[in-house]
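Here is the structure we will look at, set down as C-alpha cells.
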Amino acid sequence: MSEPLVKMRGITKRFGGVTALSNVDLDAYAGEVLAIVGDNGAGKSTLIKILTGVYQPSAGEMMLDGQPVAFSNHAEAIEEGIDAVYQTLALADHLDPAANMFLGNELTRKIFGVTMLDNKRMREETERVLMERLGVKLKSLDAPTESLSGGQRQAVAIARAVYHEGLRVLVMDEPTAALGPQETARTLKLIEAVKAQGLAVILISHSLDDVLQVSDRIHVQRRGQCVGVVRTADSNTTEVLGMIVGAEEAA
C-alpha cells in the first residue's frame, strides 16, 4: 500500500489520574474504510476526538499526508480536511435538508445592496451534492429533516461534510445505530460511495456484521490500547471478537 494519509503514533491521553489511551498507533489510507472496534471504554471515541481536534493528546504525534499536524479545536481539523459525522448527526430537525446542509455557512446574495439568503442556490447545491457525491435523490427538499428516514438523514449529514472541497478524512461514529436492516444497507452504500471518491473513511461501530461488510481493515482497541489490526478479507467475526475481549490472554 502507499503511505498512509493519516498517521497517529504513540498517542496517549490522560484525564487526571485516568489513562484513556496508552501509546496507540493508527494508520488510515486514502480510498479505504478503516473500522475501529472495541468494547465501551476501549478508547475508540477518545482516539477519534484527538484526530478531529476535540481533544489534544497528552503524548504522541499525528501526521497528515506526511506532514506533522496538531489541532487545538475541531475547526482546525476541518480546515485540514478532517471531519466527522457523529451518531447524533447534529441536524436541526425542524429545518429542511438544504438549511441543515448550510447551517452556519449559509449562501447569500445581494438584492439592491441588501444581503439575503440565497435559498435557491442552497437547494440546488444540496440536490447536486446528494446526487453527485452520494447517489441520493430526496423526494422533496421542502419537508423538515425530521420527516426523513434514518438513511436519508445520514445522507444529509454526510453531504454537509463532503461539501467541503478539501475533505480528505471522514470519521463516522456508529452510523447504523438504531437503523433497521434496509436503512443500514443504504447507509453502508453511502460509506462505500465516500470511499470510492478517494477519501479515508474511519468507521466506529459496534456492529461487526457492518464492519465485516464495508471495511478494508479493522483496528481493535482494548483497555486504551491497540491490540491488533487485521485485513477484513483475511479475518472473521470469531477472530475480531477474540481480540476485543482478550480471548488469547484469557487462554
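State the dimensionless ratio Rg/Rh of segment 173-250 (Rg: radius of gyration of Cα atoms; Rh: Kirkwood radius). We get a ratio of 0.99 for segment 173-250. Note on the chain: dipole from Cβ charges, positive end direction compared against Gly135, Thr176, Gly228; the farthest Cα belongs to Gly135. Calculated over segment 90-165, the projected area of the Cα convex hull averaged across directions stands at 5.2 nm².
Over the chain, with a Gaussian network built from C-alpha contacts below 10 Å, which listed residue (Val220, Val129, Val114) shows the highest mean-square fluctuation? With Cα springs under 10 Å in the chain, the top fluctuation among Val220, Val129, Val114 is at Val114.
A protection proxy built from the mean count of other Cβ atoms within 10 Å ranks the segments 103-109, 78-84, 7-13, most packed first, as 78-84, 7-13, 103-109.
Indicate the gyration tensor shape class of segment 27-90 (rounded, prolate or oblate), computed on the Cα atoms with a ≥ b ≥ c the square roots of the eigenvalues: a/c under 1.5 is rounded; otherwise a/b larger than b/c is prolate and the rest oblate.
It is rounded, given that a/c, with a ≥ b ≥ c, falls under 1.5.
Couplings 3J(HN,Hα) for segment 185-192, derived from phi with the Karplus relation 6.51 cos²θ - 1.76 cosθ + 1.60 (θ = phi - 60°), are 4, 5, 5, 5, 5, 4, 4, 5 Hz, where x marks Gly and Pro.
Using a Gaussian network for the chain with springs between C-alpha atoms less than 10 Å apart, which of these wobbles most: Thr52, Thr19, Thr187? In this elastic network of the chain, the residue with the biggest mean-square fluctuation among Thr52, Thr19, Thr187 is Thr19.
Using 0.36 nm per residue and subtracting the Cα-Cα separation, the extra length available between Ala178 and Glu79 on full extension is 32.5 nm. Taking amide hydrogens as placed 1.01 Å from N in the peptide plane, the amide H of Val85 sits under 5 Å from those of Val171, Met172, Asp173, each at least 5 positions away in sequence or on another chain. Backbone amide hydrogens, once placed in the peptide plane, bring Leu107 within less than 5 Å of Asp118, excluding anything fewer than 5 places away on its chain. If you wrap the Cα atoms of segment 1-149 in a convex hull and average its projected area over all directions, you get 12.6 nm². Put a plus charge on the Cβ of each Lys and Arg, a minus charge on the Cβ of each Asp and Glu, and nothing anywhere else: the dipole of segment 44-182 about its Cα centre is then about 340 debye. For the chain, dividing the convex hull volume of the Cα atoms by the residue count gives 145 Å³ per residue.
Each of Thr88, Ala99, Ile111 was scored by the projection of its Cα onto the charge dipole of segment 83-128, and the greatest displacement toward the positive side belongs to Ile111; charges sit on the C-beta of Lys, Arg, Asp and Glu.
Each Lys and Arg contributes +1 and each Asp and Glu -1, all at the Cβ; summed about the Cα centre of the chain, the dipole is approximately 360 debye.
When the listed pairs Lys7/Lys49; Lys13/Lys44; Lys110/Lys139; Lys13/Lys49; Lys137/Lys189 are checked against a 20 Å cut-off, the alpha-carbon distance exceeds it for Lys110/Lys139. Fully extending the segment from Ala92 to Glu239 would add 48.9 nm, taking 0.36 nm per residue of separation and subtracting the current Cα-Cα distance.
So how strong a dipole does segment 96-176 carry about its Cα centre when Lys and Arg Cβ are +1 and Asp and Glu Cβ are -1, to the nearest 20 debye?
The dipole magnitude comes to about 260 debye.
Every number here is computed from the coordinates shown, using simple stated rules; none is lab data. Just so you know, these numbers come straight off a predicted model, no measurement behind them. All Cβ positions, glycine included, derive from the backbone under ideal geometry; neighbour counts span all protein chains shown.
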